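See structure below.
The values are calculated or read from the model by the stated rules, or taken from the named source; none is laboratory data. Remember, it's a predicted structure, so these values are computed and weren't measured experimentally. Here the Cβ is made from the backbone with ideal geometry for all residues, glycine too, and neighbour counts use every protein chain on show.
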Amino acid sequence: MTPLRMILPKSNASSADSIGAPLRHAIFRRIWLASLISNLGLLIQGVGSAWAMTEMTASADMVALVQTALMLPIMLISLPAGAVADMHDRRIVSLVSLTIALIGATALAVMAFLNLTTPWMLLAFCFVVGSGMALFGPAWQASVTEQVPSETLPAAVALNGISYNIARSFGPAIGGLVVAAAGAVAAFVLNAVMYIPLLIVLFLWKRRQEPSRLPPERLRRAIVSGVRYIVNSPSIRIVLARTFVTGFAGGSISALMPLVARDLLHGGPQTYGIMLGAFGMGAVLGALNIGAVRRRMGGEASVRACALVMGVAIIVVAFSAMSAITAAALVAAGAAWMLAIALFNIGVQLSAPRWVAGRSLAIFQAAIAGGIAIGSWVWGQVADSVGVDHALLISGVMMLASPLLGLWLRMPSVGGPNDAAEDWLADPEVRLPLTGRSGPVVVEVEYRVDQGHARSFHTLMQHVQLSRQRNGAYGWSIARDIADPELWTERYLCPTWLDYLRQRNRPTQTERALHQRAMRFHRGPEPVRVRRMLERPFGSVRWKEEAPDRAAIEVMTIPTQASGAT
């Protein structure tokens, strides 16, 4: 795995770095414009839902639960959604997920029109819409790499953030006007209609499907593979932890905004829409400056700066009773929020190999959505107990303190783009009748290492361990022969033969170079020795000789020393 890099070194901006570069590609441009319309509809519905809840109940925690209902599905089903996005055609997954959201939005509009909506029914329909968007998110974000060249990926990620935040700038204001003029039901209807352009564009997209040599993983196995990848990727774990904390502390803004408009500013739905618009406008400004921040600041410095700016802005909102001051603070908060989240997102996208991109982005989405969902509930409870202003004050102080996490969880500062290996390794020589489900498969790699290099070799093998494990191996160990100190044996297992074939072809170019570095420690006339064994070989012991399953294996000999493949 390429070490995670949040910020690239200083360099002159090229045309590929420009924020408009991805828009030169027709399919990205069409999807981007359609998603902008869809995001506008979603934000308009958010205004309608939140304001409808304030009309049905005076409870602050019920109002805050609207945001929780929209975001909680992302935390709950993002990982299965990411696995589905990696296993199947991402265009089809996107169409299905948008259809689910459309059904939820349409049902909410019908129930509201019939005046049958209750607070809990409203939350239920928000949950359905959120579930559709949770399924849509990983497939949509992972498909960006199929719409633009890799050199324009950071700009494409930033543009997708800008799309949402342009909608955040104008959608709430439009939503406020729609709710004021025609009621919440009009906002729900408008949201349902605005899903249609994105559905049409995705339906017409002629996505180029690259056939895989191996069948897709089963859902459960794919989820386990995604979790294993994250667990064995220290830099991404740090990003996820910082993302969750940022979402938790900053979730007070979106959760309590209706109450800020109603109780602190003594306004109506128009005021609420304008305040959300100010936050979204700030986010657009932040997104437009992502390139400059990535070139000039380090990952930790930029995240700390964003947290400090947002913390101060939240505290200003807590004390302000004037709309102009609150709006100015929200512009600053929006810019800081967008910069932090986009930097996290770009880092994950540039680091995750293609085979696990959907799952990595899903776990990232779960981290931010989980932080916001849990934070929204907590800040709603706090607001009920001590008031909206004090809840915001506590949230702002927590955000100001969050950079202290950098003392233990410092943001990674080095890395580069995804460098997936282009060549598929030939299958190893096999003389047993195996099927794809045969297993577990035990792999032993024998190295002969000069005793003077033992410490360096052992240190390098700890990195090899993480590489093996995040790509699908388990039970990894390294042992040294007590009678022959130069002899080292690396040992690991894969659940099945198919899992082993996937595991040996998942490493990136950087990881393959790491494995070759380990092999260069080997000394002696013989090459590194690799043994592959079937741990429970009962199925291979037969009364009659049977030919191996040619669909599962190709009998070939691999020059292990040259390729670095095991």
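Please find, among 360, 402, the residue that is at pLDDT 90 or above, among the small types (Gly, Ala, Ser), touching a helix residue (DSSP H, G or I) at 6+ places or on another chain (Cβ under 7 Å) and surrounded by 21 or more Cβ atoms within 10 Å (Cβ to Cβ). Walk me through how you get there before you give the answer.
On the way: 360 fails: at pLDDT 90 or above.
Result of the check over 360, 402: 402.
When region 488-513 is filtered for residues that are hydrophobic (A, V, I, L, M, F, W, C) and surrounded by 16 or more Cβ atoms within 10 Å (Cβ to Cβ), the ones remaining, listed by number, are 488, 493, 494, 497, 498, 501.
Please indicate, with yes or no, whether at least one residue in region 359-370 is more than 24 Å from the chain's Cα centre (by Cα) and farther than 25 Å from residue 273 by Cβ.
As a first pass, look at region 359-370 and keep what is more than 24 Å from the chain's Cα centre (by Cα): none.
No, because not a single residue in region 359-370 is more than 24 Å from the chain's Cα centre (by Cα) and farther than 25 Å from residue 273 by Cβ.
It is to be established whether one or more residues within region 312-331 are under 24 Å from the mean Cα position of the chain (by Cα), part of a helix (DSSP H, G or I) and crowded, with 20+ Cβ neighbours inside 10 Å.
Filtering region 312-331 for residues under 24 Å from the mean Cα position of the chain (by Cα) gives none.
Scanning region 312-331, I find no residue that is under 24 Å from the mean Cα position of the chain (by Cα), part of a helix (DSSP H, G or I) and crowded, with 20+ Cβ neighbours inside 10 Å, so the answer is no.
For region 354-370, indicate whether the set of residues that are assigned to a helix (DSSP H, G or I) and polar (S, T, N, Q) is non-empty. Step through it out loud before you land on a result.
Keep residues of region 354-370 that are assigned to a helix (DSSP H, G or I), which gives 354-370.
Now narrow it down to the ones that are polar (S, T, N, Q): 360, 365.
Looking through region 354-370, at least one residue is assigned to a helix (DSSP H, G or I) and polar (S, T, N, Q).
Considering 95, 108, 102, 116, the condition of being part of a helix (DSSP H, G or I) and more than 16 Å from residue 41 (Cβ to Cβ) is satisfied by 95 alone.
Being touching a Ser or Thr at 6+ places or on another chain (Cβ under 6 Å) and surrounded by 19 or more Cβ atoms within 10 Å (Cβ to Cβ) narrows it down to one residue among 67, 45; which is it? If you could, list the steps in order and put the result at the bottom.
Numbers: 45 fails: touching a Ser or Thr at 6+ places or on another chain (Cβ under 6 Å).
Selected residue: 67, the only one of 67, 45 that is touching a Ser or Thr at 6+ places or on another chain (Cβ under 6 Å) and surrounded by 19 or more Cβ atoms within 10 Å (Cβ to Cβ).
Check 292, 313, 327, 301 and return the single one that is free of Cβ contacts under 8 Å to residues at least 60 places away in the same chain, closer than 24 Å to residue 65 by Cα and among the small types (Gly, Ala, Ser). Working first, answer last.
On the way: 292 fails: closer than 24 Å to residue 65 by Cα; 313 fails: free of Cβ contacts under 8 Å to residues at least 60 places away in the same chain; 301 fails: closer than 24 Å to residue 65 by Cα.
From the options 292, 313, 327, 301, the qualifying one is 327.
Inspection of region 419-427 finds a residue satisfying the criterion of being under 30 Å from residue 301 (Cα atoms) and modelled with pLDDT under 95. Within region 95-135, restricting attention to residues that are modelled with pLDDT of 90 or more and of a type in the set (Ser, Thr, Tyr), the residue that is nearest to the chain's Cα centre (by Cα) is 97.
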